[in-house]
Amino acid sequence: MLYIDEVKPERIISLWNRSIGGRFPMTNELWQQNTVDDRSVMREASLAVVEGQELLGIIVAKRPEEHNEMAMQKMGWIQCLLVDENARNKGIGNRLLECAEEAFRKQGITDIRLGRDMRHYFPGVPAEDTSAIDWFTKRGYVCETVETDLIAHVKGWEPYELENGLQHFRLLTEKELPQLLEFLERSFPGRWHEEAKNYVLLNGTGREFIGLFENDQLQGFCRMNDGASPQIGPNTYWRKLVQGELGGIGPLGIDRSLRGRGFGLDIVKAGANELMKRGVNSIVIDWTQLVSFYEKLGFTPWKQYQTMSKQLESGGVHSGKSVEFPAERD
């Protein structure tokens, strides 16, 4: 086995696209952003099986960075696990998974999630991959929620009318980003706050956020992604599957004090209106259970995922087997 960073990215992308590229087309830019440049990738747990000149399988595992708000939760993630179709049923996937799980144990990580990492590709196992779900179930992973991506093909649509009027909503400016970070840390600590901090580090200007203001105070937000965003957003990962420009909406959140007044739907409408004004043809809302909520605005289910997790016992090799790791290289 090799470490994943010892394999040329183009070989990995070729394996990916041969395996699942028809449903989830990988690009060089996306792989670079979510895996190569992600400092939370665990090198000792991110491995590749190569025989001769053939790349047969890969696994990428992650842990929270020390400054991350999830770092104290003993949480780790399997970002992806792929085995070439012609090399399946030979124990390659099992070997990769065992190595990653043992590396997690050595780091004291006991809560393992499939997907859902900070720069994730998937929030879970694609729901149509029932054989993969069964495979992980046999290895101790437990099914949890079903998450959905929705899509609306908005070319030619009229702008949405906002129940509470336009005066509450506007694009944020760069000067308002510290206020956004304060709001998220207070009302939505964790992933959304971490993602917004990363956006600021990437020199975001605010154009990716609609703010909800009440009495000149930021009380809600909606993130938007398009082709000009400084980062490829998870709701625009699979842009090659749609014609024309793809935009994305989410995450979004409203302060508790304003809930129940229609502001939730309004801020989605405001975000969609802004994306339509920018000329997008389709809009994706990713990783949600609120299907009926978004269907009110004409969105329809597009992709679904089965979330899965496993609790590892700490210490030792759980199976009693010898687990092979790559040798360290200079």
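Take the Cα radius of gyration of the chain and divide it by 2.2 N^0.38 Å, N being the number of residues; the result is 1.05.
Among the GluC sites (Glu not before Pro) found in region 173-231, not one is both in a DSSP coil and sparsely packed, with 12 or fewer other Cβ atoms within 10 Å of its Cβ.
Net charge dipole, region 1-121: roughly 280 debye, given to the nearest 20, about the Cα centre with Cβ charges of +1 for Lys and Arg and -1 for Asp and Glu. Heavy-atom accessible area with a 1.4 Å probe sorts Thr236, Thr137, largest first, into Thr137, Thr236. The calculated FRET efficiency for the pair Arg88 and Ser292, based on their C-beta separation and a Förster distance of 41 Å, comes to about 0.60.
Quick one: dipole size for the chain, taken about the Cα centre, charges +1 on Lys/Arg Cβ and -1 on Asp/Glu Cβ, in debye to the nearest 20.
Computed charge dipole of the chain: roughly 360 debye.
Compare Ser19, Ser131, Ser14 by solvent-accessible area with a 1.4 Å probe and give them largest first, with all protein chains kept in place.
Ranked list, largest accessible area first: Ser131, Ser14, Ser19.
Taken over region 9-149, the convex hull of the Cα atoms encloses 121 Å³ per residue.
Computed with the Debye formula from one identical point scatterer per Cα of region 124-192, without solvent, the log10 of I(q)/I(0) at q = 0.12, 0.20, 0.23 Å⁻¹ comes to -0.74, -0.97, -1.05. Listed by chain and number, the lysines placed with their C-alpha closer than 19 angstrom to that of Lys277 are Lys155, Lys269; residues fewer than eight positions away on the same chain are left out.
The residues of the chain expose on average 48 square angstrom of accessible surface per residue, using a 1.4 Å probe on protein heavy atoms. The orientation-averaged shadow of the Cα convex hull for region 159-219, equal to a quarter of the hull surface, comes to 4.7 nm².
Loop-located trypsin sites (Lys or Arg not before Pro) in region 5-69 (DSSP state not H, G, I, E or B) with no more than 11 neighbouring Cβ atoms inside 10 Å: Arg39.
For region 114-174 and region 186-248, write down the distance between their C-alpha centroids in whole Å. Region 114-174 and region 186-248 have Cα centres spaced 14 Å from each other. Think of each Lys and Arg Cβ as +1 and each Asp and Glu Cβ as -1; about the Cα centre, that makes the dipole of region 127-279 roughly 160 debye. Of all DSSP beta bridges confined to the chain, the antiparallel ones make up roughly 85%. Once R0 is set to 45 Å, what does the formula 1/(1 + (r/R0)^6) return for the Cβ-Cβ distance between Asn281 and Glu313, expressed as a FRET efficiency to the nearest 0.05? Once the sixth-power term is evaluated, E becomes 0.35. For the chain, the fraction of 1.4 Å probe accessible surface lying on carbon and sulfur atoms is 47 percent. Estimated from helical segments only, the mean residue ellipticity of the chain at 222 nm is -7500 deg cm²/dmol, where each DSSP H run of four or more residues counts as -39500 (n - 2.57).
The values are calculated or read from the model by the stated rules, or taken from the named source; none is laboratory data. Model, not experiment: these values are computed from the prediction. Virtual Cβ from ideal backbone geometry, glycine too; neighbours counted across all protein chains shown. Only protein heavy atoms, including side chains, enter the accessible area calculation; ligands, DNA and RNA are left aside. Shrake-Rupley method; radii C 1.70, N 1.55, O 1.52, S 1.80 Å.
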